[in-house]
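The values are calculated or read from the model by the stated rules, or taken from the named source; none is laboratory data. Computed from a predicted model, the values in this text were never measured in an experiment. Cβ sites come from the backbone with ideal geometry, for glycine too, and all protein chains shown count toward neighbours. SASA here: full protein model, heavy atoms, side chains in, ligands and nucleic acids out. Shrake-Rupley method; radii C 1.70, N 1.55, O 1.52, S 1.80 Å.
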Amino acid sequence: MHAPSPMALLLIAIVVLVLFGRGKVSSLMGEVGKGITAFKKGVKEGSEEGDAAARGEVKEVELKTTDDIERARAELAAERAQLEAERARTVADSSLRDVTPNDTTKL
């Protein structure tokens, strides 16, 4: 299957403009741009967190009161639960990836 010609793409663009109007198409493109920007920001933040973890950086917290200690314990428990859930998802995903049949004689 070959790519559409430039004339076909121009015709499609004109039909979309007529159907939806200039305002709707421009607002849709603005939302697409915001989505791309948010995606890039998320990828950058995720890679920075991964780099910090790979370097073994430790977040130091000064614990002065029992409330500080309890808050730190709660944060650690939440982080541990999140890591365990991520590990479980990874294990589940890896078991779902191989969908090829083991017996190739039946193909």
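Which residues, taken from the range 5-21, are of a type outside the set (A, V, I, L, M) and exposed (fewer than 11 other Cβ atoms within 10 Å of the Cβ)?
Within the range 5-21, S5, P6 qualify.
Quick one: which residue in E49, E45 is of a type outside the set (F, W, Y), open to solvent by less than 100 Å² (accessible area, probe 1.4 Å), out of contact with any strand residue (DSSP E or B) (no Cβ under 6 Å at 6 or more places or on another chain) and modelled with pLDDT under 85?
That would be E45, the only listed residue that is of a type outside the set (F, W, Y), open to solvent by less than 100 Å² (accessible area, probe 1.4 Å), out of contact with any strand residue (DSSP E or B) (no Cβ under 6 Å at 6 or more places or on another chain) and modelled with pLDDT under 85.
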